[in-house]
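Structure first, commentary second.
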Amino acid sequence: MRTARTARTPGRKPAGRVNEELGMSILIVTGIEGARNCAAVVQAQLGMEVEVADGRKAALAALRRREFLAVAVDETMAECDPAAAEAVWERAGLAIPLQINFALSGAVRLIREIRSALHRREREQMLARRAATAAIETELKSTVAGLLLHSQLALSGADIPSPVAERLRMVADLAGNLRQQLNSPLQVSAGNAA
């Protein structure tokens, strides 16, 4: 029975213990000889736990046990057994899918591909956060402008009792203050500016 194993260097603690706890580990799915050595190099270079699955069953079992940051499937396996590769991709969840020809590529290429995919993912997430922030900001500004306009219109009416007028002024003042805060640039610390 094939099992998924973790590449470990004897006598040394895994470099990516923190990454492992955060679910930042990589799954390599290949039956090629030397995959464990490749996994050990990747683990040492990236500081992430690397697990090797010899085939589809071992890969699916590993994916059921936990989440992975990236799943690298051997191109040969994907071409010879597309259903197995598809099952792995479906089960991979949010992991970055990579298809690598392990017969032609070594650990250096795998590391480069993983780093490139991680950087791409970071850029995509940053752009998504910016888009979400802009959408929320636009929605808030619109709501505050409407609140300010309606409270000022209500205050301009002649038949408003004094307690109601005072509350409307308070609402208008609060809406005006919120509008100023939304229109002023955010003060971002140096650590968050990147």
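The values are calculated or read from the model by the stated rules, or taken from the named source; none is laboratory data. Owing to the predicted nature of the structure, the values given are computational and were not obtained by experimental measurement. Cβ placement follows ideal geometry from the backbone for every residue including glycine, while neighbour counts extend to all protein chains displayed.
Which of the following residues is over 27 Å from the mean Cα position of the chain (by Cα) and either of a type outside the set (A, V, I, L, M) or not assigned by TED's automatic domain parsing to the domain that holds Ala44 (or both): Leu118, Leu140, Leu147, Leu110?
Just one listed residue meets the conditions, Leu147.
Out of segment 143-171, which residues are within 23 Å of Gln181 (Cβ to Cβ) and aliphatic (A, V, I, L, M)?
Residues satisfying the conditions are Val144, Ala145, Leu147, Leu148, Leu149, Leu153, Ala154, Leu155, Leu168, Met170, Val171.
Go over the candidates Ala78, Ala85, Ala107 one by one and state the one that is touching a Cys at 6+ places or on another chain (Cβ under 6 Å), surrounded by 18 or more Cβ atoms within 10 Å (Cβ to Cβ) and farther than 30 Å from Asn183 by Cα.
Result: Ala107 is the single residue among Ala78, Ala85, Ala107 that is touching a Cys at 6+ places or on another chain (Cβ under 6 Å), surrounded by 18 or more Cβ atoms within 10 Å (Cβ to Cβ) and farther than 30 Å from Asn183 by Cα.
Looking only at segment 47-104, which residues are aliphatic (A, V, I, L, M), part of a helix (DSSP H, G or I) and over 22 Å from Met24 (Cα atoms)?
Within segment 47-104, Met77, Ala78, Ala83, Ala84 meet the criteria.
Hey, can you tell me all the residues within segment 70-88 that are within 18 Å of Leu110 (Cα to Cα) and out of contact with any helix residue (DSSP H, G or I) (no Cβ under 7 Å at 6 or more places or on another chain)?
Asp74, Glu75, Thr76
Exactly one of (1) modelled with pLDDT of 90 or more; (2) outside any strand (DSSP E or B); (3) touching a helix residue (DSSP H, G or I) at 6+ places or on another chain (Cβ under 6 Å) is unmet by Arg2. Its number?
(1)
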